[in-house]
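Structure, as structure tokens:
The values are calculated or read from the model by the stated rules, or taken from the named source; none is laboratory data. What you see is a predicted model; the values in this text were computed from it and never measured. No Cβ is skipped: glycine too gets one built from the backbone with ideal geometry, and neighbour counts run over all protein chains shown. Ligands, DNA and RNA are stripped out before the accessible areas are found, and what is left, the full protein with its side chains, is counted by its heavy atoms. Shrake-Rupley method; radii C 1.70, N 1.55, O 1.52, S 1.80 Å.
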Amino acid sequence: MKVHLINPSHVSFGTAVITPRWQYVLAGATPRSFGDPILVDETLCRMDPGQIRHGDAVGISIHTANALRGYEIGTMARERGAYVIFGGIHATLYPEEARELGGAHSVVQGDGDTAWPRVLADCQKGTPHPLYVGGKIEASEFVSARWDLVPRNRYMWASVQTVRGCPKHCSFCSVWRTDGQRPRQRTSDVVIEEVVQLRRLGFRFVALADDNFYPVTLTDLNLAAQQKNTPRLNELKALRAERFELMSRLAQLPDDMVFFTQITMEAAEDPEFLDAMKAAHIKGALVGVEAVTPAGLKDVYKDFNLAGEPLIERLKTFRSHGVHVLGSFIFGLPSDRPETFDATAAAAISADLTFAQFVTLSPYPGTVDFDRWEKGLGPNPPKIAGVPLTRRWLIPQALRPKLYWDHPAMSAEEIRSRTQAVWDSFYQLSSIWKRSRFIKSTRGRLAFLLISKIYRQMYADTGIATDSARVSWSGRWARWLAKPCRYLFAGRPMPNLNVPPMQPAIGDDQMYGIPTFDT
Ligand code: SF4
């Protein structure tokens, strides 16, 4: 029985930005007795059905955006006599759908790390169960990725996870519901092992694929202290200390390494944390800004963010501590008005953002927004091509609406075209060139320009463009640009690189910028 792990995608670029981590983790969870799994990432190239034989096991992980392609692959694999197993966030939320439309014999709900070997053992016996509950395992049970299987020259960034879960509760995000609100943090030993292995192979760029790299804020610590909740305070302090421990080890890695992560804006109130990030070569972070007005933040339950001038100052703080920001904004919030688009574009520039993305509000399964939207459409929602709107991912790609909400002040077309205009203005050549001033060499500035353009092509046009000609032109352009980019990201392999040792532990009283609490 051969094991296949397939990452579905309707679009292939030949080169991909980030390694699909789940494939390498499940490869690590595959018992060696099955041999090396066959990994197919369709963001690189289409799978070859001829590879799948009767009695093989085919694992497919899906999120909402690639569910339809995943179902096509699952159906085909089942027809060829393979056992078909679905996992990932979408299959976790809709296990029945994976069975009905994707030919699934089994669905793994939640974390797959420990469930996967059980699934394979049952397939080998010919008795796979319809459902395996992976749940939310402890960080000590997370399986490390098998990077020895990665095709080195096809990806720009590798991906390593340091923490799962996020304590917040944003209305458009499913992470806190699916991964949980309790941060499950891996020890620095296992994280650094993976990172060193990647650098040995020649990966200089590593995305820390975390839900929120800053899971404990100074406000959380203060609150626990004020409440005289000593166990909670100690737990938070330990999590924070582990973050610093990891960063102190990343700081000992070669200077050519670059890490990127995802973090809440609150980290900007914590200069010690930002300085540790800089020392650890964490040179960039995606920050969910979402909205530039208090009303917009209220719309998405993100009142821990700032708006107006304090927002600009907070974002600039990242930059002044050497951490570049990819700011993420949402358009189409109920409080948005035509002037919100210009205000957002101006804020993105004044806040010294290095990159920005502007997405339109879409109801994603597993989120509070989705529940509200689904309920609002009632028991008989409108249909497109016979598919209820509330199962929008099953509507053929070409027929899908670009926006799903009725907005109180703007038409869907107005929101779409204004969003595209903001992308266009942020990524026009002159703006990118101006933003590249922080780079000294012309060659470096040209590389920045290339990367900005590819980012814009891969993430904007394919998402919000209306006409299929523009979408396919964007795809071709991104494919063409991706090749030279790959070389910019590659590093010389360092097969003899050692794992940096742990730094001496520090006492509680000197712990990284935490005031001494009287509990
Ligand atoms: S959007 Fe970010 S901060 Fe909000 S719940 Fe999701 S991961 Fe957490």
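For segment 34-93, what log10 I(q)/I(0) values come out of the Debye formula at q = 0.15, 0.23, 0.26, 0.28 1/Å, with one point per alpha carbon and no solvent? Computed log10 I(q)/I(0) values: -0.43, -1.01, -1.23, -1.35. Taking every protein chain into account, the accessible area of the chain amounts to 43 square angstrom per residue (probe 1.4 Å). Converting the Cα gyration tensor eigenvalues of the chain into ellipsoid dimensions via √(5λ) gives semi-axes, longest first, of 33, 30, 25 Å. Answer rounded, prolate or oblate for segment 73-217, using the Cα gyration tensor with square roots of eigenvalues a ≥ b ≥ c: rounded when a/c is under 1.5, else prolate when a/b is larger than b/c, else oblate. Oblate, since a/c reaches 1.5 and b/c is not below a/b.
Express the carbon and sulfur contribution to the solvent-accessible surface of segment 127-173 as a percent, rounded to the nearest whole number, probe 1.4 angstrom.
Details: 1050 of 1840 Å².
That fraction is 57 percent.
For segment 185-237, go through all pairs of different Cα atoms, get the mean of 1/r, take its inverse, and jot down that Kirkwood value in Å. Roughly 13.5 Å, rounded to one decimal.
Compactness of segment 75-147 is given as radius of gyration and Dmax, 12.5, 38 Å, from Cα positions. For segment 310-419, the normalised intensity computed at q = 0.15 Å⁻¹ comes to -0.77 (log10 of I(q)/I(0), Debye sum over alpha carbons, equal scatterers, no solvent). Between segment 87-137 and segment 204-272, what is the separation of their alpha carbon centroids in Å? Measuring centre to centre over Cα atoms gives 33 Å. About its Cα centre, the chain has a charge dipole of approximately 1640 debye under the convention of +1 per Lys or Arg Cβ and -1 per Asp or Glu Cβ, with nothing else charged. The separation of segment 318-341 from segment 374-410, counted between C-alpha centres, amounts to 26 Å. Proximity of backbone amide H atoms, modeled 1.01 Å from N, is registered between Thr360 and Phe331 at under 5 Å, excluding neighbours fewer than 5 places apart on the same chain. The residue among Met47, Pro388, Phe203 whose Cα reaches farthest toward the positive pole of the charge dipole of the chain, with charges on the beta-carbon of Lys, Arg, Asp and Glu, is Met47. Summarising the amide proton neighbourhood of His4: residues at separation of 5 or more, or on other chains, whose placed amide H is nearer than 5 Å comprise Ile38, Ala57, Val58, Gly59. Positive end of the dipole of the chain (Cβ unit charges, origin at the Cα centre): among Gln252, Leu101, Ala77, the Cα lying farthest that way belongs to Ala77. As a fraction of the 1.4 Å probe accessible area of segment 175-311, surface on carbon and sulfur atoms comes out at 54 percent. The lysines within cross-link reach of Lys302, meaning a Cα-to-Cα straight distance under 17 Å and a gap of 8 or more places when in the same chain, are Lys168.
For segment 214-281, the Kirkwood estimate of hydrodynamic radius, built from reciprocal distances between every pair of different alpha carbons, is 12.9 Å. Applying the Karplus relation 6.51 cos²θ - 1.76 cosθ + 1.60 with θ = phi - 60° to segment 65-75 yields 3J(HN,Hα) values of 5, 10, 4, 4, 5, x, 5, 4, 5, x, 4 Hz, where x marks Gly and Pro. Isolated cysteines of the chain, defined as having no other cysteine beta carbon under 4.7 Å away, are Cys45, Cys123, Cys166, Cys485. Relative contact order for the chain: 13 percent, from Cα pairs under 8 Å spaced at least 6 residues apart, divided by residue count. Magnitude of the charge dipole for segment 100-218, about its Cα centre and with charges confined to Cβ atoms of Lys, Arg (+1) and Asp, Glu (-1), is about 280 debye. Farthest toward the positive end of the dipole of the chain, out of Met1, Ala295, Gly180, is the Cα of Met1, where the dipole comes from beta carbon charges about the Cα centre.
Out of all DSSP beta bridges in the chain, what portion is antiparallel? Express it as a percent rounded to 5.
Numbers: 5 of 49 bridges.
If I count the DSSP bridges inside the chain, around 10 percent turn out antiparallel.
So what's Rg/Rh here for segment 1-143, counting alpha carbon atoms and using the Kirkwood radius for Rh? So for segment 1-143, dividing Rg by the Kirkwood Rh gives 0.93. Under a 5 Å amide H cut-off, with hydrogens placed 1.01 Å from N, Gly87 pairs with Ile60, Ser61, Ile62, Val108 among residues at least 5 apart or on other chains. Sorted into 5 angstrom bins from 0, the C-alpha pair distances of segment 267-338 split as 3, 17, 25, 22, 15, 11, 5, 2, 0 percent.
With bins 10 Å wide beginning at 0, the percent of Cα pairs of segment 370-419 falling in each bin runs 23, 49, 28, 0. With no solvent and one equal point scatterer per Cα, compute the Debye intensity ratio I(q)/I(0) for segment 214-337 at 0.10, 0.14 Å⁻¹ and report its log10, rounded to two decimals. Each listed q corresponds, in turn, to -0.37, -0.69.
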